[in-house]
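Please read the structure below before turning to the comments.
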Amino acid sequence: MKQEVRAPAVRKNGKSRRSAHGNVPHCEAPPATDESPEADPLGPKLLAIRKRLRMNQKQFAEAIGTSQSALVTYEKTQREPPVRILCKAARLADLSLDELLLSPIDSCHYRAQSWLQGGALKRRLLELATMERASLDLDEDRWLKVMRFLFMTGAQVRTNEMPFRIVVALCQTPDDGTPE
């Protein structure tokens, strides 16, 4: 049996609607349901963001770079908003795209998987650096850049290790202590 998490319902005109999720996804056990899983509609999420920001439709539409009439169609789930609109809405609401697009439980699992993958990439990079006698004494900002590079290049432990080797080579220094 598949399980689905739903945001708390908000009653409006007697219809059940889903509200936007908070900034931090939470990992609760989802309630059991017999319904088949389906993607949460984005319209109610955009509406909830707009209400949370206390903006009218015209203000919100301008802020996310669309027309008021287009916003109405998104909020009523008559049309799916384009990615550029979703990106602007997420940025305006201080949400990541996974928080906007996914259910709270799916967002939590996505983040946990990314965190674990990042840890595995970092461990392998340190192993290779040790074998090559390279120093990876990087500050937090440089570590973030290295990790972004590894993710963007599709680095995988023991499968696609060329990006690891590139980073190690760039961090190696000759015997006199000056960078190559």
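Okay, residues lined up against (1) in the same structural domain as Gly154 (by TED's automatic domain parsing); (2) under 30 Å from Gln68 (Cβ atoms); (3) surrounded by 15 or more Cβ atoms within 10 Å (Cβ to Cβ):
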site	(1), (2), (3)
Ala90	no, yes, yes
Ala93	no, yes, yes
Asp98	no, yes, yes
Tyr110	yes, no, yes
Gln113	yes, no, no
Leu116	yes, no, no
Ala120	yes, no, no
Glu127	yes, no, no
Met131	yes, no, no
Give the range 74-88 a look and list any residue that's buried (at least 16 other Cβ atoms within 10 Å of the Cβ) and either at pLDDT below 85 or among the aliphatic types (A, V, I, L, M) (or both), or say none.
Ile85, Leu86
Is it true that some residue in the range 112-122 is of a type outside the set (Ser, Thr, Tyr), in contact with a Pro (Cβ under 6 Å, 6 or more places away or on another chain) and touching a residue at least 40 places away in the same chain (Cβ under 8 Å)?
no
Members of the range 113-154 that are under 28 Å from Asp98 (Cα atoms) and not in a helix (DSSP H, G or I):
Asp139, Thr153, Gly154
Out of all the residues in the range 85-112, which are farther than 21 Å from Ala63 by Cβ and assigned to a loop (DSSP other than H, G, I, E, B)?
Leu102, Ser103
Residues of the range 145-180 satisfying the condition of being at pLDDT below 75 and polar (S, T, N, Q):
Gln172, Thr173, Thr178
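The values are calculated or read from the model by the stated rules, or taken from the named source; none is laboratory data. Because the structure is predicted, anything quoted here is derived from the model rather than measured. We place every Cβ from the backbone using ideal geometry, glycine too, and count neighbours over all the protein chains shown.
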